[in-house]
Amino acid sequence: MGLRDLVDELAAKRARSRSMGGDDAIARQHAAGKLTVRERLDLLFDAGSFSEIGGLATHAGIAPDMAGKETPADGVVTGYGKVNGRLAAVIAYDFTVMAGSMGRNAEIKCNRAREIAYTKRMPMIWLIDSAGARIQEAIGSKSFAGSGLLFREESVMSGVVPQVAAMMGPGAAGTAYIPALADFVPMVKGTSNMALGGPPLVKAVVGEDISAEDLGGSKVHCEISGVGDLEVADDRACLQAIKEYLAYFPSSNTERPPAIPCDDPADRRDEDLLAIVPDSPRRAYDVKKVVRAVVDHGAFFEIKPGWAKNIVVGLARLGGAPVGVVANQPMVLGGALDVDSADKAARFIMLCDAFNVPLVFFQDVPGFMVGSKVERAGIIRHGAKMLYAVSEATVPKLTVVLRKAYGAGYFVMCGRGYEPDLIVAWPTAEISVMGPEGGTNIIFRREIAGAANPDEERARRVEEFRKLINPYMAAGAALIDDVIDPRETRPVLIRALEMARTKKIDRPWKKHGVMPV
Amino acid sequence: MPEEIKAHITGVVYQVTAKPGDRVQAGDPVVVLESMKMEIPVEAPRAGAVQEIRVKEGQTVQEGDTIAVLA
């Protein structure tokens, strides 16, 4: 054969690889409401920027029952391309080829893609649509004893490069730990699910009859377990969410997050901020309205919006620079912190700190939940996680006390003791170890019981106590930096962010702390 | 199918804002609890008619207790 024939042969092999699992399998993929792996990559990457590696790989030929089978690209498309102008590596499972099962050669390709992300310091993106390990090639001690290194590598890469694992189909067993170790996990509604054991295994091992959706669908993970970060309507919305998320992050932990030009004026005062927080301190309101009124163009990319809703976390920009927002949500449980909300906030604070994204805290917290239920669930341990994360964070930290700042709630939301670069309060702020009623009942228990009219005495003491709780006491003691007009919140934060840009804190050397997980 | 509305926090019933027979929309408060010194509404999970209110003002409820039933 001459070189022209050889080139034709190459072209035919490439075409075969790009045809995926064949027309029937592609039709089934579309009928299930899913895009094919190559359609997904076209949407994810900037036009013409994707370079594939390992496209000519096929299965390892080690299993007798795989003989004669074709596995184009061995069921996973790997490579690198540009997402909004910046490089990222990708591992995208192809469900049309043996249900996207992870074969031995597919794993070699995945290792190669992770190596690109890790050694060249760029985000790693997984598009998961896979039945899990390809049992035919993985069964038996000879192959399994050497497997599983991907999770170790993913752990080592954590906090070095952003890692996104999008659930765009099933992710059973091993493929469920990829999202668990990733930073951001969007899940497509209706078509995605993840579980350590899929329905057939569950039936065989514990006898439970359950569908994949009820076992590990997007609702389960985005509203109950907290493993999912965002439920999205379809594949397109999922890929859009990945792009939007990555825009807030640097390519690696050695860079700053990318700022963009901002035409929302830095000195914009928002009149609405006078009307959102109700006059009664017992009344709830939606803290997201405060966040949107303050950040650039009201754009807020919320993470885990459906889980632990008593705290709100997400990404936004101030004067064009990315920030991570942590805000108590009085609408849910009165904004009181519990096990899941402490978990959610701690993880988000660690994420932002790892990638040099400054943090902005909006406090309105009546405290941590108390009672036997939360104690048995380990509220002390989980609350400590949040203390630990906010203490460890060395990125710029800005705190605005909107209203309540009680007890350890004030600490974990970056109170004065937690190195905020600026801490200011609205005139409505109540900073105290506890509220006047609770405090009075404890401190003046005897006096109240011994009074001629205990109710009157209690009311008098509560009023006296209340006078001690106002932001001017804290500002007068120089323990908060200022009391601000709520309308000034945006300009105050943008100026402080600029001031804190050069922040440098060196902690003593250690391998790592012992995090209260 | 009737649906039970459960308390999602332990607290004291501060106000009963709906009565049997009332039509409610998803998100409408049925009862307001007081807990952590905050008024915390217990909302209807979907639209429907209130079939039964199982609590009285001043009563203590535990997380998970049924507060009302939606027809």
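The values are calculated or read from the model by the stated rules, or taken from the named source; none is laboratory data. Treat the numbers as computed from the prediction; the structure is a model and nothing was measured. All Cβ positions, even for glycine, are placed from backbone atoms using ideal geometry, and neighbour counts span all protein chains on display.
Run residue A:510 past the list (1) touching a helix residue (DSSP H, G or I) at 6+ places or on another chain (Cβ under 7 Å); (2) not in a helix (DSSP H, G or I) and report the number of the one that doesn't hold.
(1)
Among the residues of the range A:253-288, count how many are without any contact (Cβ under 8 Å) to a residue 60 or more places away in the chain, among the acidic types (Asp, Glu) and either within 14 Å of another protein chain (Cβ to nearest Cβ) or closer than 25 Å to residue A:331 by Cα (or both).
Going through the range A:253-288 one residue at a time, the tally reaches 3.
Name the single residue that is farthest from the chain's Cα centre (by Cα) among those in the range B:1-16 being part of a loop (DSSP other than H, G, I, E, B) and away from chain A (no Cβ under 14 Å).
Residue satisfying both the conditions and the ranking: B:1.
Being β-branched (Val, Ile, Thr) and either more than 12 Å from every other protein chain (Cβ to nearest Cβ) or in a helix (DSSP H, G or I) (or both) is the filter here, so list the residues in the range A:332-349 that pass it.
The answer is A:339, A:349.
Evaluate the range A:334-357: report whether one residue or more is closer than 29 Å to residue B:65 by Cβ, in contact with a helix residue (DSSP H, G or I) (Cβ under 7 Å, 6 or more places away or on another chain) and at pLDDT below 95.
Scanning the range A:334-357 turns up no residue that is closer than 29 Å to residue B:65 by Cβ, in contact with a helix residue (DSSP H, G or I) (Cβ under 7 Å, 6 or more places away or on another chain) and at pLDDT below 95.
Can you confirm whether the range A:177-186 contains a residue that is free of Cβ contacts under 8 Å to residues at least 40 places away in the same chain and either assigned by TED's automatic domain parsing to the domain that holds residue A:37 or hydroxyl-bearing (Ser, Thr, Tyr) (or both)? Explain how you work it out, then say what you get.
Within the range A:177-186, the subset free of Cβ contacts under 8 Å to residues at least 40 places away in the same chain is A:177, A:181.
Those left that are additionally either assigned by TED's automatic domain parsing to the domain that holds residue A:37 or hydroxyl-bearing (Ser, Thr, Tyr) (or both): A:177, A:181.
Taking every residue of the range A:177-186 in turn, at least one turns out to be free of Cβ contacts under 8 Å to residues at least 40 places away in the same chain and either assigned by TED's automatic domain parsing to the domain that holds residue A:37 or hydroxyl-bearing (Ser, Thr, Tyr) (or both).
Take the range A:360-370 and flag every residue that is assigned to a strand (DSSP E or B) and either under 14 Å from residue A:343 (Cα atoms) or within 11 Å of another protein chain (Cβ to nearest Cβ) (or both).
Of everything in the range A:360-370, those that are assigned to a strand (DSSP E or B) and either under 14 Å from residue A:343 (Cα atoms) or within 11 Å of another protein chain (Cβ to nearest Cβ) (or both) turn out to be A:364, A:365, A:368.
Looking only at the range A:129-149, decide whether some residue is buried (at least 24 other Cβ atoms within 10 Å of the Cβ) and assigned to a strand (DSSP E or B).
Yes, some residue in the range A:129-149 is buried (at least 24 other Cβ atoms within 10 Å of the Cβ) and assigned to a strand (DSSP E or B).
Can you name every residue in the range B:53-71 that is more than 13 Å from every other protein chain (Cβ to nearest Cβ), assigned to a strand (DSSP E or B) and crowded, with 16+ Cβ neighbours inside 10 Å?
B:53, B:67, B:68, B:69, B:70
Within the bounds of the range A:447-457, is there any residue that is at pLDDT below 95 and under 30 Å from residue A:397 (Cα atoms)?
no
Within the bounds of the range A:416-430, is there any residue that is out of contact with any strand residue (DSSP E or B) (no Cβ under 8 Å at 6 or more places or on another chain), modelled with pLDDT of 95 or more and in the same structural domain as residue A:388 (by TED's automatic domain parsing)?
Within the range A:416-430, one or more residues are out of contact with any strand residue (DSSP E or B) (no Cβ under 8 Å at 6 or more places or on another chain), modelled with pLDDT of 95 or more and in the same structural domain as residue A:388 (by TED's automatic domain parsing).
Hey, does the range A:153-165 have a residue that's out of contact with any strand residue (DSSP E or B) (no Cβ under 6 Å at 6 or more places or on another chain) and farther than 22 Å from residue A:303 by Cβ?
Yes.
So residue B:30 ticks every box in (1) of a type in the set (A, V, I, L, M, F, W, C); (2) within 13 Å of another protein chain (Cβ to nearest Cβ); (3) surrounded by 15 or more Cβ atoms within 10 Å (Cβ to Cβ) but one. Which box is left unticked?
For residue B:30, the failing item is (2).
With the structure loaded, tell me whether residue A:291 is away from chain B (no Cβ under 14 Å), touching a residue at least 40 places away in the same chain (Cβ under 8 Å) and under 20 Å from residue A:270 (Cα atoms) or whether it fails that test.
yes
Kindly state which helices (runs of 4 or more DSSP H) lie completely within the range A:371-486 and contain at least 3 residues that are within 14 Å of chain B (Cβ to nearest Cβ) and either in contact with a helix residue (DSSP H, G or I) (Cβ under 7 Å, 6 or more places away or on another chain) or under 23 Å from residue A:498 (Cβ atoms) (or both). Let's see the steps before the verdict.
Numbers: elements: A:372-376, A:379-392, A:407-412, A:436-443, A:445-450, A:454-468, A:471-476.
Answer list for the range A:371-486: A:436-443, A:454-468.
So which residues in the range B:24-52 are of a type outside the set (A, V, I, L, M), assigned to a strand (DSSP E or B), closer than 28 Å to residue A:280 by Cα and more than 10 Å from the chain's Cα centre (by Cα)? Talk me through it step by step, then tell me what you get.
The initial filter retains those residues of the range B:24-52 that are of a type outside the set (A, V, I, L, M), namely B:25, B:27-29, B:34-35, B:37, B:39, B:41, B:43, B:45-46, B:48, B:51-52.
From what is left, the residues that are assigned to a strand (DSSP E or B) are B:29, B:34-35, B:39, B:41, B:43, B:48, B:51-52.
Filter once more, keeping what is closer than 28 Å to residue A:280 by Cα: B:29, B:34-35, B:39, B:41, B:43.
Within the range B:24-52, B:34, B:35, B:39 qualify.
Yes or no: residue A:316 in contact with a helix residue (DSSP H, G or I) (Cβ under 8 Å, 6 or more places away or on another chain), more than 14 Å from chain B (Cβ to nearest Cβ), surrounded by fewer than 24 Cβ atoms within 10 Å (Cβ to Cβ) and outside any helix (DSSP H, G or I)?
It is true that residue A:316 is in contact with a helix residue (DSSP H, G or I) (Cβ under 8 Å, 6 or more places away or on another chain), more than 14 Å from chain B (Cβ to nearest Cβ), surrounded by fewer than 24 Cβ atoms within 10 Å (Cβ to Cβ) and outside any helix (DSSP H, G or I).
Only one of these conditions is not met by residue B:38: (1) in contact (Cβ under 8 Å) with a residue 12 or more places away in the chain; (2) out of contact with any Phe, Trp or Tyr (no Cβ under 7 Å at 6 or more places or on another chain); (3) within 13 Å of chain A (Cβ to nearest Cβ). Which number is it?
(1)
Please go through (1) within 28 Å of residue A:183 (Cβ to Cβ); (2) part of a loop (DSSP other than H, G, I, E, B) for residue A:325 and return the number of the only condition it doesn't satisfy.
(2)
Is it the case that residue A:308 is in contact with a helix residue (DSSP H, G or I) (Cβ under 7 Å, 6 or more places away or on another chain), part of a loop (DSSP other than H, G, I, E, B) and modelled with pLDDT under 95? Break it down into steps so the answer makes sense when it comes.
Details: in contact with a helix residue (DSSP H, G or I) (Cβ under 7 Å, 6 or more places away or on another chain): yes; part of a loop (DSSP other than H, G, I, E, B): yes; modelled with pLDDT under 95: no.
No.
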